[in-house]
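Asks: I am attaching a structure below and will ask some questions about it afterwards.
Rule-based calculations on the coordinates, nothing more; no lab input. Because the structure is a prediction, the values reported are computed rather than measured. Every residue, glycine as well, gets a Cβ built from its backbone with ideal geometry; the counts of neighbours run over all protein chains shown.
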Amino acid sequence: MWVTIEQLRYLKVIAQEGSINAAGAKLGRAKSALYYGIKKLEEQLGYKVLNADKYRVALTPKGIQLLLKIDNFLAEYDSFIDAARQVGSGVEAKLTLSATALYPLNALTKKISQLQKMFSNTEIVFHRELLSGVELLLKDNVDVAILENLKPTPELEVKQIDEVKMHLVISRKHDFIKQKKSSQNLENLLAFPQVIQSSTLPSDESYGVHKHSQQWTVTDIHSKREIILAGLGWGRLPEHDIIGDLEKGRLKDLHHIEKPVKIPIFLGRKKSKFTGAVLESLWEMF
């Protein structure tokens, strides 16, 4: 039994249009071709899918059940054909990228939006990570990554695209702030928990951690900020995430203990991996 895509499209359009004449006009095919295609389909399936009179056609109960399957199948088939054409054109069907949690998301989403307009059939898969971008690239888990604190890695092509200023901050309601200014030093700060963000990859190290401090460990930057705001600890946060908190006094900058640190941000990709049109376009946006 060799059911064709064309036969399935005939049945779908006939059901949509309500008549074989109208379906033939929409498909640009002769009425006789549609009659033959549906008759052949019924022979192959072993049951009727259409009840036809002189003016109108209607699906049989089994035809209705079949049409539900046809709709899903044709959608997947059309998606496959688009993907296959993309392979031939050098346009990736899917692009996977990761970005360090330190990089401002709005700076990236503008570029992704532009990329989607250029390549509407390409699926974008996004990971938000801390410190693990290099490992994700080397293991081929992502095609491109936005990284921080990059160590020399000969397998990667990289370029610096930005820098993020990290401030040591604490909540205005934290007990440490209630101490005399002369007592607000690193030694006394270490008596309170430091809030750190660790990578989801176990092999990565946490950045900026004081080894002798008590620690709260979180896996995302939002939780880190909320815990610090609640007065449960202290730590470094990116300037773009806390400007409002500093201006309104919700957070205190402990620059008298440790000055803000500028973290360079890089864009990286694996040298040995194929670079398609989508990745190349994203690369050139930075």
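Asks: Name every residue in the stretch 268-286 that is buried (at least 16 other Cβ atoms within 10 Å of the Cβ), among the polar types (S, T, N, Q) and either touching a Lys or Arg at 6+ places or on another chain (Cβ under 9 Å) or over 14 Å from THR122 (Cβ atoms) (or both), in order of residue number.
Replies: THR275
Asks: Test each condition in (1) free of Cβ contacts under 8 Å to residues at least 12 places away in the same chain; (2) under 30 Å from ASP241 (Cα atoms) for THR96 and report the one that comes out false.
Replies: (1)
Asks: Pick from SER272, SER223: which is farther than 26 Å from LYS181 by Cα and either outside any helix (DSSP H, G or I) or touching a helix residue (DSSP H, G or I) at 6+ places or on another chain (Cβ under 9 Å) (or both)?
Replies: Every option except SER272 fails the conditions.
Asks: For the condition touching a residue at least 12 places away in the same chain (Cβ under 8 Å), surrounded by 18 or more Cβ atoms within 10 Å (Cβ to Cβ) and either among the charged types (D, E, K, R) or farther than 27 Å from GLU157 by Cα (or both), what is the one hit in VAL209, VAL195?
Replies: Step by step, each of VAL209, VAL195 is checked, and only VAL195 is touching a residue at least 12 places away in the same chain (Cβ under 8 Å), surrounded by 18 or more Cβ atoms within 10 Å (Cβ to Cβ) and either among the charged types (D, E, K, R) or farther than 27 Å from GLU157 by Cα (or both).
Asks: Another question, if that's okay. Going by the structure shown, is LEU102 surrounded by 15 or more Cβ atoms within 10 Å (Cβ to Cβ) and either in contact with a Gly (Cβ under 7 Å, 6 or more places away or on another chain) or without any contact (Cβ under 8 Å) to a residue 60 or more places away in the chain (or both)?
Replies: Criteria not met by LEU102.
Asks: Could you please tell me which pairs satisfy a Cβ distance under 7 Å, a separation of 6+ or placement on different chains, a first residue in the stretch 38-51 that is aromatic (Phe, Trp, Tyr), and a second residue that is exposed (fewer than 12 other Cβ atoms within 10 Å of the Cβ)?
Replies: Partner pairs satisfying both residue conditions: none exist.
Asks: Within the group LEU246, LEU282, LEU237, which residue is in contact with a helix residue (DSSP H, G or I) (Cβ under 7 Å, 6 or more places away or on another chain) and in a helix (DSSP H, G or I)?
Replies: After applying the criteria, what remains is LEU282.
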